[in-house]
């Protein structure tokens, strides 16, 4: 009997050209659909809560798909993980109503961008955090982020190739967090939805404020400019994680 299944998935995006299937390299979606098709013995098309870019990771990506219901959920998890490469894991599988849509029904997505502040990079963090060897004023980073909370036109932080119909998005919170590893911090941004490269462009801009390249209040001016050239560099992808999706 047809059913819809919701999967929670984690992956290291370093080896992939992003989530979405494309002709220029391996993708997480292609790997997942291939493994699921073998387990279920039928073609499978998965929908994701967020389309992460090349090199971006996910601690908690949510996807859904429809199938004939021939395999139990435990088989999908264990069998799928047996066929998937070790840098992609299915964490859980649950049956959901047929109308469920992982992207459209998501109420909040949280992205976490890791920075490692140290004179020397760590061989254990270099794949997952942007190494910054010079001083970073975290108070300036926090103040810069405060200008972005709320509903705004985020054209200044919109990446090239973004096909969203509107640049208006709502950020619920944007914070700086310290972690147990000395020098490891994260910039946590949660919102209803995001434009292409939006979080990485925000990080690049507030890091510039933390480096003293412009004031924290200038972040608000950049936002109001509605022009991508006004904002900072696109932070490297390897520090970014899709951290959590809430429904």
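Here are the numbers:
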| quantity | calculated |
| --- | --- |
| Sole exception among (1) outside the structural domain of residue 55 (by TED's automatic domain parsing); (2) surrounded by fewer than 12 Cβ atoms within 10 Å (Cβ to Cβ); (3) within 21 Å of the chain's Cα centre (by Cα); (4) closer than 26 Å to residue 10 by Cα for residue 160, by number | (4) |
| Hey, residue 185 closer than 30 Å to residue 105 by Cβ, at pLDDT 95 or above and not in a loop (DSSP other than H, G, I, E, B) or not | no |
| Selection status of residue 65, more than 22 Å from residue 202 (Cα to Cα), crowded, with 16+ Cβ neighbours inside 10 Å and either at pLDDT 95 or above or assigned by TED's automatic domain parsing to the domain that holds residue 29 (or both) | yes |
| Conditions (1) touching a residue at least 40 places away in the same chain (Cβ under 8 Å); (2) out of contact with any helix residue (DSSP H, G or I) (no Cβ under 6 Å at 6 or more places or on another chain); number of the one not met by residue 178 | (1) |
| Matching option when the condition is surrounded by fewer than 18 Cβ atoms within 10 Å (Cβ to Cβ), at pLDDT 95 or above and under 21 Å from residue 100 (Cα atoms), among 45, 38 | 45 |
| Lone unmet requirement of (1) over 19 Å from the mean Cα position of the chain (by Cα); (2) closer than 22 Å to residue 30 by Cβ; (3) surrounded by fewer than 19 Cβ atoms within 10 Å (Cβ to Cβ) for residue 103 | (1) |
| Search result, residues across the stretch 41-79 that are closer than 14 Å to residue 89 by Cα, in contact with a helix residue (DSSP H, G or I) (Cβ under 9 Å, 6 or more places away or on another chain) and either in contact (Cβ under 8 Å) with a residue 40 or more places away in the chain or in a loop (DSSP other than H, G, I, E, B) (or both) | 57, 58, 61, 63, 76, 79 |
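The values are calculated or read from the model by the stated rules, or taken from the named source; none is laboratory data. This structure is a prediction, so every number in the text was calculated from the model and none was measured. Don't worry about glycine lacking a Cβ; one is built from the backbone with ideal geometry, like all the others, and counts go over all protein chains shown.
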